[in-house]
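Following: one structure in structure tokens, then a few remarks.
The values are calculated or read from the model by the stated rules, or taken from the named source; none is laboratory data. None of these values were measured; they are calculated from a predicted model. Virtual Cβ from ideal backbone geometry, glycine too; neighbours counted across all protein chains shown.
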Amino acid sequence: MNKIKSEAYWKKNLKYLVILLSIWFSVSFGFGILLVDELNQIQFFGFKLGFWFAQQGSIYVFVILIFVYIYLMNKLDKNYRSRK
Amino acid sequence: MSLQLSIWLIVGLTFALYIGIAIWSRASSTNEFYVAGKGVHPVANGMATAADWMSAASFISMAGIISFLGYDGSVYLMGWTGGYVLLALLLAPYLRKFGKFTVPAFIGDRYYSNTARTVAVFCALIVSFTYIAGQMRGVGVVFSRYLEVDINSGVFIGMGIVLFYAILGGMKGITYTQVAQYCVLIFAFMVPAIFISIEMTSNPIPQLGFGSAGSDGVYLLDKLNGLHEELGFSKYTSGSKSTLDVFFITAALMIGTAGLPHVIVRFFTVKKVSDARKSAGWALLFIAILYTTAPAIAVFARTNLIDTVSEKNYTDMPSWFKKWEDTGLLKFDDKNGDNIIQYNGNEMINELTIDRDIMVLANPEIAQLPNWVIALLAAGALAAALSTAAGLLLVISSSVSHDLIKRIIKPDISEKGELVAARLSAFFAVLLAGYFGINPPDFVAATVALAFGLAAASFFPAIVLGIFYKKMNKEGAISGMVIGILLMLFYMTKFKFGWFGGGAESDWWFGISPEGFGTVAMIVNFIVSISVSKFTSPPPKEIIELVDNIRLPNENDD
């Protein structure tokens, strides 16, 4: 029984990792590097959007991603302990 | 108050603070010396990590580099922040759960092999020494520029201070001085940035200011792009590096950040696993304050500078211009003899050479801020250099005293003896770092950026596979680390120092620069590790159990 719970916990963790790391990759390598020329056609206040992602936006998203992960894992940990 | 006096006063006060903290937080056990007794609050650890991480280069040089590179400078911004996502999600919590003191300890235990441990110790030493020499040099340079002592005396004073609190307090002393150093450095960085943002865009938040319009109603970035085109530079908001190289450099810096031992070890100091995640979040938040301000400073300083000097009469230059000319950071060579400054992207007609460091160091003067702000900047730069040097020092000393002496050479050493060994190795590491600070080998500047490639090529795959791939065995991990770091060393010495026949930019493999090559070496490490592990015997049962254990939360943590 314990083993099943542990496996479920780890699977859920891996699912979070895949989702959050996909976002991590998209905002930096995607928007900030690979698609930068296309996004630079869009004006975002005084910035070109691709340039903004490369020098500002990606960093804000990184911070948010970690805090989302903290929240999700704290919930998952709590759940794991109470079901024991 | 005169400028000199305010500088001595503010720098003296901050130094007294660091020494006071060191005396208050003396370490009395190896647990306190290596990991601050594992009782650091996650927010405090976040600040300490941020100070540990942001070196003299982040503080003094980064905004200047970005202001010359424009979009291409983004590799540093994304590269040196994105790594924290990897740390928080893939490494920190599991390494904290594992619960030992150092990175080589994890590698040695997980791969049930002292060979793996020794390889890891050498990788840690190579990475840390290339880094620390640059920091001691940074301390010397700041001293000589602001306090009018020569560079060598500056290095000696810096060595003395670091030695005092690192040896006395170990990780405990370092952690709490780093918290103080973070406060000093971020305050020192933000005050001039906010003043200049108000001055140029009437928006007090620099991050928003550099996307706003100046007093003429034109967006600052559009204006700067226009100036650049006029003067023959490439557009500020688009780069000149190839997309592939930008991609690989960013990846190498991110992964390297996540693999740096002096950063990883900070997450061993918190009380529980969930705190390791939390402090990674706080660390990145504290770092992001500086890293999102730096590109704003870059734009302000660049626009300000071009406005002030371009096509202006040399005799009308403000006093800071002459002052920085004296230090050699600014050079005017009147090629056509018209006494007017032609600043141009074309080397043939360009008359002005500007050192990148000037963008942060001269900023308060260019913006005509009061003396105490300039003094604050000196204290901030010193805080940045000292905190990073101390963190690196601890990694070096714990690798030697714990991983080499305690685990391999003399396992029966007493805790007291180990503590003495730790302090002695910290002492010799400072001497060595100081020596490199005074006699910098030519390659120091070139290798600091490459330390990331080395960390990415060696540690990152071994740690990640150790956590996420149960079947990874010692044969796979050792061959991966060895081949990864050797490949990276080969590529960087070939193209940076001209060894192995050297080579020009056109010879780069797939057009990837040595800075970006860490990513390639890391991929090779992964492939080698996994392939070798397929053909050799799987890890023993107790190792599988160890991995199962580090993946799960503790039973009674909160």
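Filter the range B:2-41 down to the residues that are in a helix (DSSP H, G or I) and among the small types (Gly, Ala, Ser), then identify the one that is farthest from B:Thr177 (Cα to Cα). Step by step, filter the range B:2-41, then rank; the result is B:Ser6. Cβ-Cβ distances below 7 Å connect the following pairs, each with a first residue in the range B:236-251 that is within 19 Å of A:Leu21 (Cα to Cα), a second residue that is β-branched (Val, Ile, Thr) and surrounded by fewer than 22 Cβ atoms within 10 Å (Cβ to Cβ), and a separation of six or more residues or different chains: B:Phe248/B:Ile512. Considering the range B:214-263, and only residues there that are assigned to a helix (DSSP H, G or I) and charged (D, E, K, R), the residue that is nearest to the other protein chains (Cβ to nearest Cβ) turns out to be B:Asp222.
When B:Gly211 is tested against (1) in contact (Cβ under 8 Å) with a residue 12 or more places away in the chain; (2) crowded, with 20+ Cβ neighbours inside 10 Å, only condition (1) is not met.
Condition check for A:Phe47 on (1) in contact with a Gly (Cβ under 9 Å, 6 or more places away or on another chain); (2) within 7 Å of chain B (Cβ to nearest Cβ); (3) at pLDDT 95 or above: one failure, at (3). Within the range B:90-127, the set of residues being within 14 Å of chain A (Cβ to nearest Cβ) and either among the basic types (Lys, Arg) or touching a Ser or Thr at 6+ places or on another chain (Cβ under 6 Å) (or both) comprises B:Arg96, B:Lys97. Would you pick out the residues in the range B:504-522 that are of a type outside the set (Phe, Trp, Tyr) and closer than 21 Å to B:Ser240 by Cβ? B:Ala504, B:Glu505, B:Ser506, B:Asp507, B:Gly511, B:Ile512, B:Ser513, B:Pro514, B:Glu515, B:Gly516, B:Thr519, listed by residue number.
Taking B:Arg145, is it touching a helix residue (DSSP H, G or I) at 6+ places or on another chain (Cβ under 8 Å), assigned to a helix (DSSP H, G or I) and more than 14 Å from chain A (Cβ to nearest Cβ)? Yes, satisfied. Between B:Leu382, B:Leu377, B:Leu404, B:Leu394, the distinction of being touching a residue at least 40 places away in the same chain (Cβ under 8 Å), of a type outside the set (Lys, Arg) and surrounded by fewer than 23 Cβ atoms within 10 Å (Cβ to Cβ) belongs to B:Leu404 only.
Among the residues of the range B:295-345, those that are in a helix (DSSP H, G or I), surrounded by fewer than 20 Cβ atoms within 10 Å (Cβ to Cβ) and of a type in the set (Val, Ile, Thr) comprise B:Ile306, B:Thr308, B:Thr315. Counting only helices (runs of 4 or more DSSP H) that sit wholly inside the range B:347-399, those with at least 1 residues that are touching a strand residue (DSSP E or B) at 6+ places or on another chain (Cβ under 8 Å) are B:358-361.
Counting the residues of the range B:264-294 that are surrounded by fewer than 24 Cβ atoms within 10 Å (Cβ to Cβ), among the basic types (Lys, Arg) and either away from chain A (no Cβ under 13 Å) or under 19 Å from the mean Cα position of the chain (by Cα) (or both) gives 1.
If the condition is being part of a helix (DSSP H, G or I), within 14 Å of chain A (Cβ to nearest Cβ) and of a type in the set (S, T, N, Q), then the range B:518-558 contributes B:Thr519, B:Asn549. The range B:42-89 holds helices (runs of 4 or more DSSP H) entirely within its bounds, and those carrying 2 or more residues that are more than 10 Å from chain A (Cβ to nearest Cβ), among the polar types (S, T, N, Q) and buried (at least 24 other Cβ atoms within 10 Å of the Cβ) map to B:42-53. If you go through the range A:1-54 and pick out every residue that is part of a helix (DSSP H, G or I), surrounded by 21 or more Cβ atoms within 10 Å (Cβ to Cβ) and free of Cβ contacts under 8 Å to residues at least 12 places away in the same chain, you end up with 1.
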